Structures are given as structure tokens and as C-alpha cells.
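The structure appears below as C-alpha cells.
The values are calculated or read from the model by the stated rules, or taken from the named source; none is laboratory data. Since this is a predicted model, take the numbers as computed values, not measurements. We place every Cβ from the backbone using ideal geometry, glycine too, and count neighbours over all the protein chains shown.
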Amino acid sequence: MSDILHMSSEELSRLEVIQKVDQKQIKQRQATNRLNLSVRQIRRLTCAYRRDGAKALISKKRGRPGNHQLSAVLKAQATDLLYQFYADFGPTLAHEKLVEKHQLKLSVETVRQLMIQNELWHPKRAKQPVIHQLRERRARYGELIQIDGSPYAWFEQRAPVCTLLVYIDDATGRLMELWFTQAESTFSYFAATEHYLLRHGKPLALYSDKLSVFRINLPNDLSGQGTTQFTRAMYQLGIEVICANTPQAKGRVERVMQTLQDRLVKEMRLRGISNLVEGNAYLPEFMANFNARFAVVPRNPENAHRPLLPQDDLGHILTVQELRVLSKNLTLNYNKVIYQIQTPRPTYALRNAQVIVRENRHGEITIEYKGKPLSYRVYLRQERQGEVRTSKQLNLALEPLTQASKKRRPYVPPPDHPWRRFRLSNKSKQQTINPPR
């Protein structure tokens, strides 16, 4: 019984051509064009086929260990490091850290196979792709900035859940601004946008979701100016605010959010960062490393950012501004508090006057009339009724209550308090036990 030969498709094709050369059906020059080999190699393979048959065309490396396989010592060292530091990392990020911090010369596929063998990572079944309309990147840097916020356990168990605000350039994929805050709110976006504007200048447009910070979502809302405080501030700076209709429309910031929830969390864990202050101090370094690794070159080299103008007073523009009308007593109601204007001139001069109430992110109130501040005093604080809060703003609403409950501790009298020195006499004790009839 003849031996069964196992041949690859490439070896079978080579066998067919060499047989035709041996039977003189084609010339050696024609065989070189079909197999992309030299005439000398064709001649050598033909001689080997005449001597040993088809098995002469089978690779001699089959069944032997590779010459470039990973050494046992290096494999054991990499496995120990994966167990010790990178047990929950993905293969790509774990490979980067092994090369960067431990100088191990491994490929991503090698690290992936090691993690699969040691059950540190499990291959995921590919999801059924969902086809969405393709939108090309914008041509210029700073032409469109996608923004979003993500509530997440960014510091894992070392700190409470907080929110990361992300600004990413659509043309290049560069991280433009990252900022940790308690929750998504108008003031938190004011703070992050101020850092962005001071660092890069004014972009042409911001691309966001339909959060109430960016868009009034109440149908038939006729109160106010028809825009949110954030949108009004951006229009004053000449920045357009565009709201996406679906999450897929701003997919660039949605995808980078998933990357940050993996890479940024692990980077901060390796550095022992465990609060918002330390996290915000580290973010510029992380952005520089991220952009050097993943940013692309725009189609148009022109920078669409515009410099801040002298009249762009960010401390004045990035505030909550609401219009109020003074009563006959020169009072106004703002945020459940009644303020009374203090003025040395006759009161009738300001009756029914329109004033602007400004509130900055530190909670400081300014009341302006024709661009000039007015002095005031708090007349009355009204009781608050139940407020409507979105799920993203719930943490922001509960934070002051949580901090206040932590500060409330039972009163413990000091050692020299008169209460501690008080003792009942024996006569008083008897009277207390046996009261007179």
C-alpha cells in the first residue's frame, strides 16, 4: 500500500507544472512564468521529481519546530508579567506595555496566543456588521469638533463614578480636550470649552448629541430665547452648534470613548491616579501620547481654528445669563431666590427695568443693567419643589447632599464640658427614686 502524501494547494499546483515539464508538454521557460521561479529552480525540482516522485516537492520544514519560535524563558517571563500586571488588558494594549515598560520583543499575535492559552483573554465572536451611511472626514483641522460625555468608573474602585468630557477633531481624529467632571452640565461644558479655546482657538462648529445642554428638547417651548445657555455662548463666540440625529452620526467620538474606557483606565491604574485633580493633571500627557499614535493627516493642511478676539471675554460669555424685569420694589426672582436691588438714586428710575442675571460656574451672581453691575441683597430664599433631572444629571444633584451627610456627625462634648462634671448627690438620688407622695 502506497503512502498517503499531504500536500498544500501550492504544492499541488507545483506538482502539476513539474509533471508537464517532465513529460515535455511545456518548456522550462513557460514553467518559470507559471510558478514565478528561476529556470535553475525548475530544473532542480524536475530532477528531484524524477528521482523521488511527488514527495520531493513537499516542504522539508513540515513537522519540524520553527527556527524563530519563542524561547521558553521569554515565554515564561511574558506570561508572568501578564498575570501580574495585565490580566484584564487586551492583547494590543498588553503588547504595547510589554514592549514599552519591560523591553520584551514580542508580536501582538504572540501576546494574543499567550493570553488565550492562559485564559486571560477570550476571542470574541464577530458581530453582524450594521451598514450605516458613510460620511467622510472633514477636510480641515478644526473645522468640526465632536463632543460628548461618558459617565463611567474611570478610577475603578479608587473613586466614585464621574464623567469624562471628550472633544475630538473630525478631520484628524486628534483628542483636542479631555476633562473629568462630576456630571454633564452646562457649567462643566463651559469649563472644558474654556480650556479648549485657550489652547487651540475657536473651531468652526461643534457636533454633539441632543442633550439638554445643547438643545431645548421640550416641544412647543416658547419661554426664553429658544436656545440653551451653552448654545447661546457659542453663538456669541461665532461657533456653530450642530446636534446629531443618531449616535452613529457622531461615531468618531463614540468609538474613541470605548478606547478611552480601556486604555485611559488602565494607564491611570498603572500610575496610581485615584481622583479628579490627579486625573485632569495627567490628561495632557495622555492626549499627546494618544495623538502621536492614532491621529491622521488631514486632506487640507489649513488650520480652521480662529484666534480669540479682544472682545471675546470668556469670563463674561461662559456664564448662565437670564433676563429679568424688576418689580416696583426693585426685586427679582432667580433660581428660587428673591434679590432686591440696592441703589442710592430714586427707586422709580429702575421700576420695570430689564436686567440680566449672570451666574458663573462658581455660583457667583451678578445683576447687570445696561452693561453695568448693580448692588443687591438676598431678600428671601423660597422652598424648592421637586426638580426634573435627567439620568446624566442625577449624580450632580446628589453630590451636595452626599457631602452634607458626611459632614453631619453626632456632637461629642469635650472632656472639660460642665455636663461631664455633673454628679448627682445621694440625697438627690433617693428623692428621684422615692418621690414624695
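Points worth noting:
- Test: residue in region 157-170 that is more than 14 Å from the chain's Cα centre (by Cα), of a type in the set (Asp, Glu) and either outside the structural domain of VAL296 (by TED's automatic domain parsing) or not in a loop (DSSP other than H, G, I, E, B) (or both): no
- Elements of type helices (runs of 4 or more DSSP H) in region 1-106, at least 3 residues being at pLDDT 90 or above and under 30 Å from LEU270 (Cα atoms): 72-84, 91-102
- Any hit, region 265-275, residues being within 19 Å of the chain's Cα centre (by Cα) and closer than 23 Å to ASP209 by Cβ: yes
- Where a residue in region 52-79 is among the β-branched types (Val, Ile, Thr) and its partner, wherever it lies, is surrounded by fewer than 11 Cβ atoms within 10 Å (Cβ to Cβ), with Cβ under 8 Å and at least six apart: ILE58/HIS6
- ALA404 vs. criteria at pLDDT below 90 and of a type in the set (Gly, Ala, Ser): yes
- Qualifying residue in region 58-68 (condition: exposed (fewer than 14 other Cβ atoms within 10 Å of the Cβ) and hydrophobic (A, V, I, L, M, F, W, C)): no
- Some residue of region 349-358 being farther than 21 Å from LEU380 by Cβ and over 44 Å from the mean Cα position of the chain (by Cα): yes
- Single residue of ILE131, ILE147 found to be of a type in the set (A, V, I, L, M, F, W, C), outside the structural domain of GLU285 (by TED's automatic domain parsing) and more than 30 Å from THR79 (Cβ to Cβ): ILE131
- Residue in region 268-285 that is farther than 30 Å from PHE155 by Cα and among the charged types (D, E, K, R) present: no
- Subset tally (residues that are farther than 15 Å from GLN321 by Cα and among the aliphatic types (A, V, I, L, M)) for region 335-372: 6
- Residue list for region 294-312, filter: aliphatic (A, V, I, L, M), within 16 Å of GLY173 (Cα to Cα) and in contact with a Gly (Cβ under 7 Å, 6 or more places away or on another chain): ALA295, VAL296, ALA304
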